[in-house]
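**Q** Could you have a look at this structure, given as C-alpha coordinates, before my questions?
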Amino acid sequence: MTPYSDFEPGPEAFDRQPLGDCFRTAMSNASDPDAAAQDLARQLLHPHLGFVLFFCSAEYSLAELATSLEQHFGGVTLLGCTSAGEISSAGYGRGCISAVGFDLRAFAVDCTLIHALDSFTLVEAQQAVERMLGHCRQVNLAPVKDHTFALTLLDGLSSREEVVLNTLSAALGSIPHFGGSAGDDNHLSHTHVYYQGQFFTGAAVVVMVNTWLDFEVFTTHHLQPSHTKLVVTAADSASRTVLELNAEPAAEEYARLVGVPLEQLKLATFALNALAVRIRDQFYVRSIQRVNDDHSLTFYCAVDTGIVLTAMQPGELLPNLDATFGQLRERLGEPVLILGCDCFLRRMEAELRGEDRLMSDFLAANRVIGFNTYGEQFNGMHINQTFTGVAFAFPR
(Lines give C-alpha, C1' and ligand atoms only; values in the text may rest on other atoms or scores of the structure.)
Protein backbone atom coordinates (compact mmCIF):
# COMPACT_ATOMS: atom_id res chain seq x y z
CA MET A 1 0.00 0.00 0.00
CA THR A 2 1.02 3.64 -0.43
CA PRO A 3 2.88 4.97 2.64
CA TYR A 4 0.96 7.46 4.74
CA SER A 5 2.49 10.87 5.44
CA ASP A 6 2.42 12.56 8.85
CA PHE A 7 -0.69 14.70 9.13
CA GLU A 8 -3.51 15.47 11.49
CA PRO A 9 -6.38 13.21 10.34
CA GLY A 10 -9.95 14.31 10.13
CA PRO A 11 -12.01 16.97 8.39
CA GLU A 12 -9.75 19.74 9.71
CA ALA A 13 -7.31 18.89 6.91
CA PHE A 14 -9.91 20.10 4.40
CA ASP A 15 -11.11 23.27 6.13
CA ARG A 16 -9.35 25.54 3.66
CA GLN A 17 -9.73 23.33 0.61
CA PRO A 18 -12.59 22.33 -1.70
CA LEU A 19 -14.65 19.47 -0.26
CA GLY A 20 -14.01 17.51 -3.43
CA ASP A 21 -10.37 17.05 -2.48
CA CYS A 22 -11.40 13.87 -0.64
CA PHE A 23 -12.04 12.47 -4.11
CA ARG A 24 -10.81 13.21 -7.56
CA THR A 25 -12.67 11.64 -10.46
CA ALA A 26 -11.39 10.98 -13.94
CA MET A 27 -12.38 9.39 -17.21
CA SER A 28 -10.68 8.75 -20.53
CA ASN A 29 -12.14 7.96 -23.92
CA ALA A 30 -8.70 7.29 -25.41
CA SER A 31 -8.67 3.88 -27.13
CA ASP A 32 -4.92 3.47 -26.82
CA PRO A 33 -4.13 1.89 -23.43
CA ASP A 34 -1.06 4.02 -22.75
CA ALA A 35 -2.83 7.23 -23.71
CA ALA A 36 -5.78 6.30 -21.49
CA ALA A 37 -3.53 5.52 -18.50
CA GLN A 38 -1.60 8.74 -18.98
CA ASP A 39 -4.87 10.66 -19.23
CA LEU A 40 -6.11 9.20 -15.93
CA ALA A 41 -2.81 9.93 -14.18
CA ARG A 42 -2.89 13.54 -15.35
CA GLN A 43 -6.35 13.99 -13.80
CA LEU A 44 -5.80 12.06 -10.57
CA LEU A 45 -2.22 12.35 -9.36
CA HIS A 46 -1.57 14.69 -6.43
CA PRO A 47 0.65 14.54 -3.33
CA HIS A 48 -2.04 12.98 -1.11
CA LEU A 49 -3.38 10.37 -3.52
CA GLY A 50 -3.59 7.07 -1.63
CA PHE A 51 -5.66 4.74 -3.78
CA VAL A 52 -7.34 4.58 -7.21
CA LEU A 53 -10.40 2.52 -8.13
CA PHE A 54 -11.18 2.17 -11.85
CA PHE A 55 -13.66 0.50 -14.18
CA CYS A 56 -12.71 -0.12 -17.79
CA SER A 57 -14.12 -1.46 -21.02
CA ALA A 58 -13.00 -5.01 -21.86
CA GLU A 59 -12.24 -3.76 -25.37
CA TYR A 60 -8.84 -2.52 -24.20
CA SER A 61 -5.74 -4.68 -24.53
CA LEU A 62 -5.73 -5.50 -20.84
CA ALA A 63 -2.08 -6.55 -20.65
CA GLU A 64 -0.99 -3.26 -22.20
CA LEU A 65 -3.36 -1.29 -20.00
CA ALA A 66 -2.02 -2.98 -16.86
CA THR A 67 1.57 -2.12 -17.79
CA SER A 68 0.70 1.47 -18.59
CA LEU A 69 -1.33 2.03 -15.42
CA GLU A 70 1.51 0.83 -13.21
CA GLN A 71 3.99 2.94 -15.13
CA HIS A 72 2.04 6.20 -15.02
CA PHE A 73 0.80 5.92 -11.43
CA GLY A 74 4.22 5.21 -9.98
CA GLY A 75 3.42 2.94 -7.06
CA VAL A 76 -0.04 4.25 -6.13
CA THR A 77 -2.36 1.33 -5.32
CA LEU A 78 -4.81 0.65 -8.16
CA LEU A 79 -7.75 -1.75 -8.11
CA GLY A 80 -10.54 -2.25 -10.59
CA CYS A 81 -12.38 -4.48 -13.03
CA THR A 82 -13.74 -4.71 -16.53
CA SER A 83 -17.29 -3.52 -17.01
CA ALA A 84 -20.46 -3.78 -19.07
CA GLY A 85 -20.49 0.01 -19.34
CA GLU A 86 -18.90 2.78 -17.34
CA ILE A 87 -20.30 5.61 -15.20
CA SER A 88 -18.17 8.74 -14.97
CA SER A 89 -18.70 12.37 -14.02
CA ALA A 90 -20.27 12.73 -17.49
CA GLY A 91 -22.78 9.92 -16.87
CA TYR A 92 -22.96 6.71 -18.88
CA GLY A 93 -19.96 5.80 -21.02
CA ARG A 94 -18.94 3.03 -23.42
CA GLY A 95 -15.48 1.87 -24.40
CA CYS A 96 -13.79 4.09 -21.84
CA ILE A 97 -12.29 4.11 -18.34
CA SER A 98 -13.85 5.75 -15.30
CA ALA A 99 -11.84 6.19 -12.11
CA VAL A 100 -11.87 7.80 -8.69
CA GLY A 101 -8.89 8.67 -6.54
CA PHE A 102 -9.14 8.54 -2.74
CA ASP A 103 -7.19 11.02 -0.60
CA LEU A 104 -5.10 9.32 2.07
CA ARG A 105 -6.00 12.07 4.54
CA ALA A 106 -9.60 10.86 4.44
CA PHE A 107 -9.30 7.13 3.68
CA ALA A 108 -7.33 4.19 5.01
CA VAL A 109 -7.57 1.40 2.44
CA ASP A 110 -6.26 -2.15 2.26
CA CYS A 111 -7.07 -4.98 -0.12
CA THR A 112 -6.67 -8.67 -0.84
CA LEU A 113 -7.00 -10.95 -3.87
CA ILE A 114 -8.96 -14.21 -3.71
CA HIS A 115 -7.41 -16.51 -6.30
CA ALA A 116 -9.37 -19.71 -5.84
CA LEU A 117 -13.04 -18.83 -5.51
CA ASP A 118 -14.17 -22.46 -5.19
CA SER A 119 -11.96 -23.22 -2.21
CA PHE A 120 -12.13 -19.92 -0.31
CA THR A 121 -12.49 -20.90 3.35
CA LEU A 122 -13.78 -19.14 6.42
CA VAL A 123 -10.30 -19.27 7.97
CA GLU A 124 -8.83 -17.54 4.91
CA ALA A 125 -11.61 -14.96 5.01
CA GLN A 126 -11.06 -14.26 8.70
CA GLN A 127 -7.31 -13.90 8.21
CA ALA A 128 -7.77 -11.51 5.29
CA VAL A 129 -10.35 -9.40 7.13
CA GLU A 130 -8.22 -9.16 10.27
CA ARG A 131 -5.13 -8.20 8.29
CA MET A 132 -7.00 -5.44 6.43
CA LEU A 133 -8.61 -4.16 9.63
CA GLY A 134 -5.19 -4.16 11.27
CA HIS A 135 -3.95 -1.81 8.58
CA CYS A 136 -6.90 0.51 9.16
CA ARG A 137 -6.28 0.53 12.91
CA GLN A 138 -2.60 1.30 12.35
CA VAL A 139 -3.39 4.31 10.16
CA ASN A 140 -5.79 5.50 12.87
CA LEU A 141 -7.96 7.82 10.80
CA ALA A 142 -11.20 6.78 12.47
CA PRO A 143 -12.53 4.01 14.72
CA VAL A 144 -13.24 0.76 12.88
CA LYS A 145 -16.80 0.52 14.22
CA ASP A 146 -19.28 2.55 12.16
CA HIS A 147 -16.49 3.98 10.00
CA THR A 148 -15.57 0.96 7.89
CA PHE A 149 -17.06 -0.88 4.93
CA ALA A 150 -15.87 -3.47 2.41
CA LEU A 151 -16.09 -3.45 -1.38
CA THR A 152 -15.99 -6.64 -3.46
CA LEU A 153 -15.25 -6.95 -7.17
CA LEU A 154 -15.74 -10.47 -8.57
CA ASP A 155 -15.32 -12.21 -11.90
CA GLY A 156 -18.84 -11.87 -13.28
CA LEU A 157 -18.77 -15.18 -15.16
CA SER A 158 -17.31 -17.31 -12.38
CA SER A 159 -20.71 -18.42 -11.00
CA ARG A 160 -19.10 -18.38 -7.58
CA GLU A 161 -20.33 -15.11 -6.10
CA GLU A 162 -22.62 -16.79 -3.56
CA VAL A 163 -19.85 -19.06 -2.24
CA VAL A 164 -17.42 -16.18 -1.75
CA LEU A 165 -19.98 -13.75 -0.34
CA ASN A 166 -21.38 -16.19 2.21
CA THR A 167 -17.88 -16.93 3.49
CA LEU A 168 -16.79 -13.32 3.47
CA SER A 169 -19.96 -12.14 5.18
CA ALA A 170 -19.35 -14.48 8.08
CA ALA A 171 -15.86 -13.01 8.53
CA LEU A 172 -16.97 -9.38 8.18
CA GLY A 173 -19.69 -9.64 10.80
CA SER A 174 -21.37 -6.26 11.25
CA ILE A 175 -19.16 -4.44 8.72
CA PRO A 176 -21.38 -3.40 5.78
CA HIS A 177 -20.25 -4.51 2.35
CA PHE A 178 -21.30 -4.17 -1.26
CA GLY A 179 -19.86 -4.65 -4.72
CA GLY A 180 -20.32 -5.63 -8.31
CA SER A 181 -19.53 -8.47 -10.69
CA ALA A 182 -17.16 -7.55 -13.50
CA GLY A 183 -18.56 -7.37 -17.04
CA ASP A 184 -17.18 -7.52 -20.56
CA ASP A 185 -19.27 -5.13 -22.66
CA ASN A 186 -22.10 -7.67 -22.88
CA HIS A 187 -20.01 -10.30 -24.70
CA LEU A 188 -20.42 -12.81 -21.84
CA SER A 189 -17.02 -14.23 -22.63
CA HIS A 190 -14.21 -13.11 -20.28
CA THR A 191 -14.44 -10.81 -17.27
CA HIS A 192 -11.51 -9.59 -15.20
CA VAL A 193 -10.57 -8.00 -11.89
CA TYR A 194 -7.37 -5.97 -11.45
CA TYR A 195 -4.93 -6.30 -8.57
CA GLN A 196 -1.26 -5.32 -8.18
CA GLY A 197 -0.55 -4.70 -11.83
CA GLN A 198 -2.44 -7.64 -13.35
CA PHE A 199 -5.89 -8.52 -14.65
CA PHE A 200 -7.22 -11.84 -13.31
CA THR A 201 -10.10 -14.14 -14.26
CA GLY A 202 -11.72 -16.54 -11.82
CA ALA A 203 -10.77 -14.22 -8.97
CA ALA A 204 -12.12 -11.55 -6.64
CA VAL A 205 -10.76 -8.42 -4.99
CA VAL A 206 -11.83 -7.37 -1.50
CA VAL A 207 -11.21 -3.77 -0.45
CA MET A 208 -11.48 -2.57 3.16
CA VAL A 209 -12.18 1.16 3.51
CA ASN A 210 -11.99 3.13 6.75
CA THR A 211 -12.90 6.84 6.77
CA TRP A 212 -14.00 9.70 8.99
CA LEU A 213 -16.55 10.73 6.33
CA ASP A 214 -20.14 9.75 6.88
CA PHE A 215 -21.32 7.04 4.49
CA GLU A 216 -24.17 4.63 3.86
CA VAL A 217 -24.15 1.37 1.92
CA PHE A 218 -27.48 0.89 0.12
CA THR A 219 -29.35 -1.00 -2.58
CA THR A 220 -32.53 -0.33 -4.53
CA HIS A 221 -34.55 -1.63 -7.48
CA HIS A 222 -37.67 -0.51 -9.31
CA LEU A 223 -39.33 -3.89 -9.94
CA GLN A 224 -42.73 -4.86 -8.53
CA PRO A 225 -44.07 -8.41 -8.04
CA SER A 226 -46.97 -9.76 -10.06
CA HIS A 227 -49.24 -12.63 -9.06
CA THR A 228 -47.64 -15.04 -11.55
CA LYS A 229 -45.44 -17.77 -10.07
CA LEU A 230 -43.09 -20.28 -11.66
CA VAL A 231 -41.76 -23.31 -9.81
CA VAL A 232 -38.27 -24.56 -10.64
CA THR A 233 -38.97 -28.27 -11.07
CA ALA A 234 -35.47 -29.21 -12.32
CA ALA A 235 -32.18 -27.34 -12.07
CA ASP A 236 -28.41 -27.74 -12.12
CA SER A 237 -27.44 -25.45 -9.25
CA ALA A 238 -23.70 -25.71 -9.95
CA SER A 239 -24.10 -24.03 -13.34
CA ARG A 240 -27.07 -21.84 -12.30
CA THR A 241 -29.15 -23.50 -15.00
CA VAL A 242 -32.89 -24.10 -14.78
CA LEU A 243 -33.94 -27.11 -16.84
CA GLU A 244 -37.66 -27.01 -16.12
CA LEU A 245 -40.21 -24.45 -14.98
CA ASN A 246 -43.62 -25.82 -13.97
CA ALA A 247 -42.46 -29.24 -15.30
CA GLU A 248 -41.98 -27.79 -18.79
CA PRO A 249 -38.73 -26.96 -20.62
CA ALA A 250 -37.65 -23.76 -18.90
CA ALA A 251 -37.21 -21.51 -21.93
CA GLU A 252 -40.51 -22.65 -23.45
CA GLU A 253 -42.43 -21.92 -20.25
CA TYR A 254 -40.72 -18.54 -19.81
CA ALA A 255 -41.45 -17.60 -23.45
CA ARG A 256 -45.11 -18.50 -22.92
CA LEU A 257 -45.20 -16.35 -19.79
CA VAL A 258 -43.79 -13.24 -21.46
CA GLY A 259 -45.59 -13.74 -24.78
CA VAL A 260 -42.49 -13.92 -26.95
CA PRO A 261 -41.64 -16.69 -29.45
CA LEU A 262 -38.91 -18.95 -28.10
CA GLU A 263 -36.49 -18.09 -30.89
CA GLN A 264 -36.85 -14.37 -30.10
CA LEU A 265 -35.81 -14.57 -26.45
CA LYS A 266 -32.84 -12.26 -25.93
CA LEU A 267 -31.22 -9.95 -23.36
CA ALA A 268 -33.80 -7.23 -23.98
CA THR A 269 -36.56 -9.71 -23.10
CA PHE A 270 -34.79 -10.65 -19.89
CA ALA A 271 -34.25 -6.99 -18.96
CA LEU A 272 -37.95 -6.19 -19.23
CA ASN A 273 -39.32 -9.47 -17.84
CA ALA A 274 -37.38 -10.30 -14.69
CA LEU A 275 -37.99 -13.15 -12.27
CA ALA A 276 -37.37 -12.96 -8.52
CA VAL A 277 -37.25 -15.14 -5.43
CA ARG A 278 -39.03 -13.99 -2.29
CA ILE A 279 -37.09 -14.10 0.98
CA ARG A 280 -39.32 -13.04 3.87
CA ASP A 281 -40.94 -9.80 2.64
CA GLN A 282 -38.30 -8.88 0.04
CA PHE A 283 -37.99 -9.89 -3.61
CA TYR A 284 -34.51 -10.57 -4.99
CA VAL A 285 -34.17 -10.70 -8.76
CA ARG A 286 -32.65 -13.73 -10.47
CA SER A 287 -31.75 -12.42 -13.92
CA ILE A 288 -31.57 -14.74 -16.92
CA GLN A 289 -28.23 -14.79 -18.72
CA ARG A 290 -28.99 -16.91 -21.79
CA VAL A 291 -31.15 -19.56 -23.46
CA ASN A 292 -29.32 -22.84 -24.08
CA ASP A 293 -29.70 -25.26 -26.99
CA ASP A 294 -31.67 -27.71 -24.84
CA HIS A 295 -34.17 -24.94 -23.98
CA SER A 296 -32.83 -24.55 -20.46
CA LEU A 297 -32.12 -21.12 -18.96
CA THR A 298 -28.84 -20.07 -17.35
CA PHE A 299 -29.08 -17.38 -14.69
CA TYR A 300 -26.67 -14.81 -13.22
CA CYS A 301 -27.64 -15.76 -9.66
CA ALA A 302 -28.10 -18.95 -7.69
CA VAL A 303 -31.09 -21.14 -8.58
CA ASP A 304 -32.11 -24.55 -7.30
CA THR A 305 -34.84 -27.13 -7.69
CA GLY A 306 -37.93 -26.29 -5.68
CA ILE A 307 -37.62 -22.53 -5.47
CA VAL A 308 -40.58 -20.41 -6.51
CA LEU A 309 -39.91 -17.54 -8.92
CA THR A 310 -42.22 -14.55 -9.12
CA ALA A 311 -42.67 -12.67 -12.39
CA MET A 312 -41.70 -9.04 -11.82
CA GLN A 313 -43.10 -5.95 -13.50
CA PRO A 314 -40.89 -2.93 -14.20
CA GLY A 315 -41.69 0.24 -12.28
CA GLU A 316 -40.11 3.60 -13.01
CA LEU A 317 -36.30 3.59 -13.04
CA LEU A 318 -35.59 7.26 -12.51
CA PRO A 319 -38.25 8.05 -9.85
CA ASN A 320 -37.10 5.04 -7.80
CA LEU A 321 -33.46 6.15 -7.90
CA ASP A 322 -34.39 9.77 -7.23
CA ALA A 323 -36.39 8.72 -4.16
CA THR A 324 -33.49 6.58 -2.91
CA PHE A 325 -31.01 9.42 -3.30
CA GLY A 326 -33.46 11.78 -1.57
CA GLN A 327 -33.61 9.45 1.43
CA LEU A 328 -29.80 9.29 1.50
CA ARG A 329 -29.68 13.10 1.60
CA GLU A 330 -32.08 13.19 4.53
CA ARG A 331 -29.87 10.83 6.51
CA LEU A 332 -26.40 11.95 5.41
CA GLY A 333 -26.63 15.43 3.95
CA GLU A 334 -25.53 16.20 0.39
CA PRO A 335 -23.33 13.36 -0.92
CA VAL A 336 -19.82 14.30 -1.98
CA LEU A 337 -19.73 11.19 -4.16
CA ILE A 338 -21.78 8.03 -4.76
CA LEU A 339 -19.91 4.91 -5.80
CA GLY A 340 -22.41 2.83 -7.73
CA CYS A 341 -22.79 -0.69 -9.12
CA ASP A 342 -25.62 -0.49 -11.65
CA CYS A 343 -26.80 -3.73 -13.31
CA PHE A 344 -26.24 -3.70 -17.07
CA LEU A 345 -29.84 -4.89 -17.55
CA ARG A 346 -31.09 -1.69 -15.90
CA ARG A 347 -29.09 0.35 -18.38
CA MET A 348 -30.42 -1.81 -21.21
CA GLU A 349 -33.96 -1.20 -19.98
CA ALA A 350 -33.32 2.56 -19.93
CA GLU A 351 -32.04 2.36 -23.51
CA LEU A 352 -35.04 0.32 -24.66
CA ARG A 353 -37.38 2.87 -23.09
CA GLY A 354 -35.48 5.83 -24.52
CA GLU A 355 -34.60 7.02 -21.00
CA ASP A 356 -30.85 6.43 -21.09
CA ARG A 357 -29.98 10.10 -21.67
CA LEU A 358 -32.15 11.17 -18.75
CA MET A 359 -30.62 8.49 -16.55
CA SER A 360 -27.10 9.44 -17.62
CA ASP A 361 -27.67 13.11 -16.83
CA PHE A 362 -29.21 12.18 -13.46
CA LEU A 363 -26.20 10.07 -12.49
CA ALA A 364 -23.82 12.85 -13.47
CA ALA A 365 -25.80 15.45 -11.53
CA ASN A 366 -25.69 13.24 -8.44
CA ARG A 367 -21.92 12.66 -8.54
CA VAL A 368 -22.14 8.95 -9.29
CA ILE A 369 -18.99 7.09 -10.33
CA GLY A 370 -19.07 3.38 -11.06
CA PHE A 371 -19.90 0.74 -13.62
CA ASN A 372 -22.57 -1.48 -15.14
CA THR A 373 -22.30 -4.95 -13.64
CA TYR A 374 -23.18 -8.59 -14.28
CA GLY A 375 -24.55 -8.75 -10.73
CA GLU A 376 -24.43 -6.80 -7.50
CA GLN A 377 -23.48 -7.71 -3.95
CA PHE A 378 -25.07 -6.36 -0.78
CA ASN A 379 -24.25 -7.50 2.76
CA GLY A 380 -23.49 -11.08 1.76
CA MET A 381 -26.18 -11.46 -0.90
CA HIS A 382 -25.67 -11.75 -4.65
CA ILE A 383 -28.46 -9.89 -6.42
CA ASN A 384 -29.45 -8.71 -9.92
CA GLN A 385 -31.05 -5.71 -11.59
CA THR A 386 -30.34 -3.33 -8.72
CA PHE A 387 -28.47 -0.11 -8.17
CA THR A 388 -26.19 -0.86 -5.21
CA GLY A 389 -23.49 1.37 -3.78
CA VAL A 390 -22.15 3.63 -1.08
CA ALA A 391 -22.84 7.35 -0.63
CA PHE A 392 -20.28 9.62 1.10
CA ALA A 393 -20.95 12.92 2.84
CA PHE A 394 -19.02 15.29 5.08
CA PRO A 395 -19.95 15.04 8.78
CA ARG A 396 -22.59 17.58 9.73
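The values are calculated or read from the model by the stated rules, or taken from the named source; none is laboratory data. Here the structure is a predicted model, which means the values were calculated and not measured. Counting neighbours? That spans all protein chains shown, and the Cβs are built from the backbone with ideal geometry, glycine included. These accessible areas exclude ligands, DNA and RNA; they are computed on the full protein's heavy atoms, side chains included. Shrake-Rupley method; radii C 1.70, N 1.55, O 1.52, S 1.80 Å.
**Q** Can you tell me how much longer the chain between Gln126 and Leu318 gets when fully stretched, taken as 0.36 nm per residue apart minus their C-alpha distance, in nm with one decimal?
**A** Length difference between fully extended and current span is 65.2 nm.
**Q** Using a Förster radius of 30 Å, what is the FRET efficiency between Thr201 and Asp236 based on their Cβ-Cβ separation? Nearest 0.05, please.
**A** Calculated value: 0.85.
**Q** Moving on. Mind ordering 184-195, 163-174 by average Cβ neighbours within 10 Å, highest first?
**A** By packing density, highest mean first, the sequence is 184-195, 163-174.
**Q** Still on this structure, please answer the following. By how many degrees, between 0 and 90 and to the nearest 10, does the Cα long axis of helix 62-73 differ from the longest principal axis of the chain?
**A** 20 degrees
**Q** Still on this structure: Efficiency by 1/(1 + (r/R0)^6): what FRET value for Ala364 and Gln327, r their Cβ-Cβ distance, R0 = 35 Å, to the nearest 0.05?
**A** 0.95
**Q** While we're here: Calculate how steeply helix 161-172 sits against the longest principal axis of the alpha-carbon atoms of the chain, using the helix alpha-carbon long axis, and give the answer as 0 to 90 degrees to the nearest 10.
**A** Compared with the principal axis, the helix lies near 40 degrees.
**Q** Could you work out the relative contact order of the stretch 90-249? I mean the mean sequence separation of Cα pairs under 8 Å and 6+ apart, divided by the number of residues, in percent.
**A** So the answer I get is 28 percent.
**Q** How high is the relative contact order of the chain, in percent, with contacts defined as C-alpha pairs under 8 Å that are six or more residues apart?
**A** Relative CO of the chain lands at 20 percent.
**Q** Sticking with this one: Across the chain, what fraction of all alpha-carbon pairs, as a whole percent, falls in each successive 20 Å bin from zero upward?
**A** 29, 59, 13, 0
**Q** Right, another one. Go through 385-392, 247-254 and give me the packing order, highest mean Cβ count within 10 Å leading.
**A** Answer by packing, highest mean first, reads 385-392, 247-254.
**Q** Take the Cβ-Cβ distance between Asp34 and Leu113 as r, set R0 to 30 Å, and report the resulting FRET efficiency rounded to the nearest 0.05.
**A** Once rounded, the FRET efficiency stands at 0.75.
**Q** Got a number for carbon plus sulfur as a percent of the chain's accessible area, 1.4 Å probe?
**A** 48 percent
**Q** With the cut-off at 1.5 for a/c, could you classify the stretch 35-142 from its C-alpha gyration tensor as rounded, prolate or oblate?
**A** oblate
**Q** Run the numbers for Thr220 and Asn140: contour at 0.36 nm per residue of separation, minus the present Cα-Cα distance, in nm.
**A** Gain in length upon complete extension: 25.6 nm.
**Q** Could you work out how far apart the two model spin labels at Ser174 and Arg290 are, taking each label as a point 7 Å from the Cα in the direction of the beta carbon, and quote it in nm?
**A** 4.5 nm
**Q** What does the C-alpha gyration tensor say about the overall shape of the stretch 125-227? Classify as rounded when a/c is under 1.5, otherwise prolate if a/b is larger than b/c, or oblate.
**A** In terms of gyration-tensor shape, oblate.
**Q** Roughly how many Å² of Asp118 are accessible to a 1.4 Å probe, to the nearest 10?
**A** So the heavy atoms of Asp118 present about 110 Å² to solvent.
**Q** Let me ask another. Find how much the distance from Glu263 to Gln43 grows on full extension, using 0.36 nm per residue of separation minus their present alpha carbon separation; answer in nm with one decimal.
**A** 74.5 nm
**Q** Rolling a 1.4 Å sphere over the protein heavy atoms, what is the accessible area per residue of the chain, to the nearest Å²?
**A** Spelled out: the 1.4 Å probe surface of the chain, per residue, equals 39 Å².
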